[in-house]
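Below is one structure, written out as structure tokens; comments come after it.
Every number in this text was worked out from the coordinates using simple rules, so none of it is lab data. Just so it is clear, the model here is predicted, and its values are computed rather than measured. Cβ atoms come from the backbone with ideal geometry, glycine included; neighbour counts cover every protein chain shown.
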Amino acid sequence: MNSALLTADAPDVFEIGDFRAQNVKNGLLAPLDDIIAPVKSDYSKPALDTATVDGKVYGVKMMDDVMMLYYRKSLLSAAGVTPPQTFDELVQAAAKLTTGGRKGLFIGSDGVGDIGYLLLWSNGADLVDPAGRTATFASPQGAAAVAGLKRLRDSKALLEGFTTDWADPSAFNQNAVAMQWSGLWAMPDIKKRHGDDFGVIPWPRYTPTGTPAVRVGGWYELVNAKGKKVEAAKKYVQWLWTQQGELQKDWCVRYGFHVPARKSIAAQTSELTAGPAKDAVGLSQQYGHSFPATWNKATTTIFTQSLVKIANGKAEAAAELAAAQTKCQAELDKQTR
């Protein structure tokens, strides 16, 4: 798609799940503030933030993909464990839930997964400043929280090296773990396997004064700023993704399992109005975080490599994050200056 946008045959309208501010800087995306304005308050802050560059919105969110922590009710009950509310409780719970044939927690085959981001957010830190121009994750709060990766690794309660990664519910469904970080898309399979014997919670706050966190991904509809029919394309996007509630519901729950991005439409989607699915919607709206528009593959790689070193005890969190932040800042500068 990125290559196609550089040609004369690029589509007028397209969808993408990996929004990048660089496309705005390159003049490839049309601002959509005028078409989203009438319903802007119906979108969550994370849904808007990811597609906002220099105060303008360049994408209309189609669906929210909520990521959260699944747990087996019966296994926690048998171990005398309640759903953890803090990071300390999570580490303790994972240890108690670990038996000879089952681990307490699965966050990814590499023992890291998405959790570095969740640790940051749950301790009041963030990847970048609100403008998306300055890397901030090496703050004292960020370093303290990310150091928790080694605590998880040292607990011996993590499932590592499983045949599928965290986005797939196989580890949870095969009783290899009692708790797993995964997405809403996995819920139908989990319900088919475990019935009502599961629940969902956000990633626990790092300290009692922190805030729980979930990650919200999803897809956006965008308009090619260099297309031949920009205004017609904008009207189409407005019609489909801000006005056609029934189509939005159908798209989200008949072709996978997602949350309509508009809060009012999500509230009308019957499949999301009860049980863990309803809980997931509430978690996304209360604790949701999305990656900033300037967070790209290069910054992701730098950050993730540092997380793996910290988790494995090969680097001290504060120094390693400081070095990674310097490298990420250079990548941000390419996009914003």
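Results, tabulated for the structure shown:
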read-out	value
Calculated from backbone phi, Karplus (6.51, -1.76, 1.60) coupling profile of region 134-145 in Hz, x at Gly/Pro	10, 5, 10, 6, 8, 4, x, 5, x, 5, 4, 6
Three-way shape call for region 221-290 based on the alpha-carbon gyration tensor, with the a/c threshold at 1.5	prolate
Among Asp18, Asp250, Asp279, residue whose mean-square fluctuation peaks in a GNM of the chain (springs only between Cα atoms under 10 Å)	Asp250
Cleavage-rule hits, chymotrypsin sites (Phe, Trp or Tyr not before Pro), region 29-118, DSSP coil, Cβ neighbours within 10 Å at most 12	none
Karplus-derived 3J(HN,Hα), 6.51/-1.76/1.60, for each residue of region 322-333, Hz, glycine and proline x	4, 5, 5, 5, 4, 5, 5, 4, 4, 5, 5, 4
Residues whose placed amide H lies under 5 Å from that of Met63, excluding near-sequence neighbours	Trp219, Ala261
P(r) tail fraction, region 203-337 - alpha-carbon pairs more than 19 Å apart, %	68
All-pairs Cα distance distribution in region 116-258, expressed in whole percent, bin size 5 Å	2, 8, 12, 13, 14, 14, 13, 11, 7, 4, 1, 0
In order through region 287-299: 3J(HN,Hα) via Karplus (6.51 cos²θ - 1.76 cosθ + 1.60), integer Hz, x for Gly, Pro	10, x, 10, 10, 5, x, 4, 8, 8, 10, 5, 5, 5
Share antiparallel - DSSP beta bridges, the chain, percent rounded to 5	80
For Val53, distant residues with modelled amide H under 5 Å away	Tyr58
Zone of Arg151's modelled label, taken as backbone nitrogen in region 194-208 under 17 Å from a point 7 Å along Cα→Cβ	203-208
Inter-site label distance for Ala232 and Glu271 at 7 Å from Cα along Cβ, in nm	3.3
Region 193-300: chymotrypsin sites (Phe, Trp or Tyr not before Pro) in DSSP loop, at most 10 other beta carbons within 10 Å	Tyr255
Rh (Kirkwood; distinct C-alpha pairs) - the chain, Å	20.8
Partner lysines for Lys249 [C-alpha distance under 28 Å; skip if fewer than 8 residues away on the same chain]	Lys40, Lys45, Lys56, Lys61, Lys191, Lys192, Lys229, Lys234, Lys235, Lys263, Lys278
Residues with amide H under 5 Å from that of Ser290, placed H, sequence gap 5 or more	Val216
CD proxy at 222 nm, helix term only [per DSSP H run n ≥ 4: -39500 (n - 2.57); per residue of the chain; nearest 500]	-11000 deg cm²/dmol
Centroid-to-centroid separation of region 115-143 and region 265-337 [C-alpha atoms, Å]	9
Convex hull volume per residue for region 18-76, taking Cα atoms only, in Å³	118
Region 31-115: proportion of alpha-carbon pairs further apart than 16 angstrom, %	65
